[in-house]
Amino acid sequence: DDTISLLGASAFNAFAQDLGVVSVADNNAGYNKAAQSGDSANAVFLAGTDNGEVITASNIFAQIAPASTTKILTALVALKYASDDLDKEFTLTDAVTVEDWDSSNAGFEPGDKVTLRTLIYSMLVVSGNDAANGVACAVAGDVSSFADLMNETARSLGATHSHFTEPHGLDRENHFTTAYDLYLIFRECLKYDLFVDAAGKSSYTAHFTRGGESATLEFDSTDKYLNGDEEVPDGVLIVAGKTGTTDNAGHCLILYVKDSEGTGYISVVMGALQTDVLYRSMTSLLK
């Protein structure tokens, strides 16, 4: 099968029967494109989580910049390797500082004492790049070692056409994924209640210690469905999701949703040209 060949035969045994699979030929032709809007996006995918039914797919094996959808893998690695340390307090180092002009930061500073749980929530709700670096250092000691764990984890899930160099998702050389790989990673993330809770929050208050004093930071979700800036289609419940935006990646969103009967779906839109195009495309899929 050409799909199995693309993903790598060594990963096949890890696949479950409820995994959504699309052949390379169908993907290239645009599987059930009638389900997609006419708006421009680099990749689109919608599949059921209960039976693996693929509703629509387009360009899902192309290697693209992931932006902050990277953070779903960052969270997964943290939950996989440091689940016993979630409430341990870590002192943030200079690595927490991300100075890119377009960086989305939560507001943490070197010297802050923060639990890993708080960092994960801050990373997923407000998409804090500083929080992502904090997670990496708390789990693996430094960003480079954490990136090794990211790639190892991705490969173990069959996400073999991705490569990650850092935990936050800003545009970097040799940092890329595919919409299908993100689907595989996100599907694994949904096995963790903490992830689902954090990625489904409309807002969050981070409690930590700064200069020996208690401190808080308050965030609203970057997901416009969750924060109420975008209308959710009737009969659809947004359970969890992650946004991402950079110059190279465009506007991206991956969601776990349920319909009125409780059936679950993973929906992915990558590389939309503008925010309104992203949500128009996603709403079209959800409808």
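Of the accessible area of the range 86-200, computed with a 1.4 Å probe over protein heavy atoms only, carbon and sulfur atoms account for 44 percent. Net charge near residue 113, counting Lys/Arg +1 and Asp/Glu -1 over other residues with Cβ under 10 Å of its Cβ? Counting the neighbours of residue 113, the net charge comes to -1. Listed values for the range 229-240 are Karplus-derived 3J(HN,Hα) couplings in whole Hz (6.51 cos²θ - 1.76 cosθ + 1.60, θ = phi - 60°), namely 7, 10, 6, 7, x, 4, x, 10, 10, 7, 8, 7, and x replaces Gly and Pro.
Here the peptides 192-203, 226-237, 163-174, 117-128 are ranked by packing, the mean other Cβ count within 10 Å, and the order with the highest first is 117-128, 163-174, 192-203, 226-237.
Our summary gives the range 92-190 a relative contact order of 20 percent, counting only alpha carbon pairs under 8 angstrom and 6 or more residues apart. Take the Cβ atoms of residue 287 and residue 51, set R0 to 30 Å, and the FRET efficiency comes out at 0.90. The C-alpha atoms of the chain define a longest principal axis, and helix 129-140 lies at about 80 degrees to it. Close amide-amide hydrogen proximity is noted between residue 226 and no other residue 5 or more places distant or on a separate chain, at a cut-off under 5 Å (H modeled in the peptide plane; Pro and chain starts excluded). Label positions at residue 227 and residue 109, each projected 7 Å from the Cα along the C-beta direction, are separated by 2.4 nm. Given the options 128, 183, 211, identify the residue whose Cα lies farthest towards the positive end of the charge dipole of the range 119-232 (+1 on Cβ of Lys, Arg; -1 on Cβ of Asp, Glu). Value: 183. A simple count of charges around residue 67, restricted to other residues whose Cβ falls under 13 Å of its Cβ and scoring Lys, Arg +1 and Asp, Glu -1, yields -2. Among the listed pairs 201/242; 88/191; 71/242; 88/201; 258/287, which are separated by more than 18 Å between their Cα atoms? Violating the 18 Å Cα-Cα cut-off are 88/191; 88/201. Report the relative contact order of the range 143-287, percent, no decimals, based on alpha-carbon pairs under 8 angstrom and at least 6 residues apart. Relative contact order here is 15 percent. Please determine, in degrees from 0 to 90 and to the nearest 10, the orientation of helix 70-81 with respect to the longest principal axis defined by the Cα atoms of the chain, where the helix direction is its Cα long axis. For helix 70-81, the angle is close to 70 degrees. 3J(HN,Hα) couplings calculated from phi for the range 113-126 with the Karplus curve 6.51 cos²θ - 1.76 cosθ + 1.60 (θ = phi - 60°) are, in sequence order, 9, 9, 7, 4, 4, 4, 5, 5, 4, 5, 5, 7, 7, 9 Hz; Gly and Pro show x. Here the spin labels are modelled as points 7 Å beyond Cα on the Cα-Cβ line, and at residue 83 and residue 193 they lie 1.2 nm apart. Average accessible surface for the chain: 42 Å² per residue, computed with a 1.4 Å probe over protein heavy atoms with every protein chain in place.
Placing +1 on the Cβ of every Lys and Arg and -1 on the Cβ of every Asp and Glu, with no other charges, gives the range 104-170 a dipole of roughly 220 debye about its Cα centre.
Determine the gain in length on full extension of the stretch residue 63-residue 148; use 0.36 nm per residue of separation and subtract their C-alpha separation, reporting nm with one decimal.
Numbers: separation 85, 0.36 × 85 = 30.60 nm, distance 1.90 nm.
Stretched out fully, the residue 63 to residue 148 stretch lengthens by 28.7 nm.
The values are calculated or read from the model by the stated rules, or taken from the named source; none is laboratory data. These figures come from a predicted structure and were not determined experimentally. Please note: Cβ atoms are built from the backbone with ideal geometry, for glycine as well, and neighbour counts cover all protein chains shown. Only protein heavy atoms, including side chains, enter the accessible area calculation; ligands, DNA and RNA are left aside. Shrake-Rupley method; radii C 1.70, N 1.55, O 1.52, S 1.80 Å.
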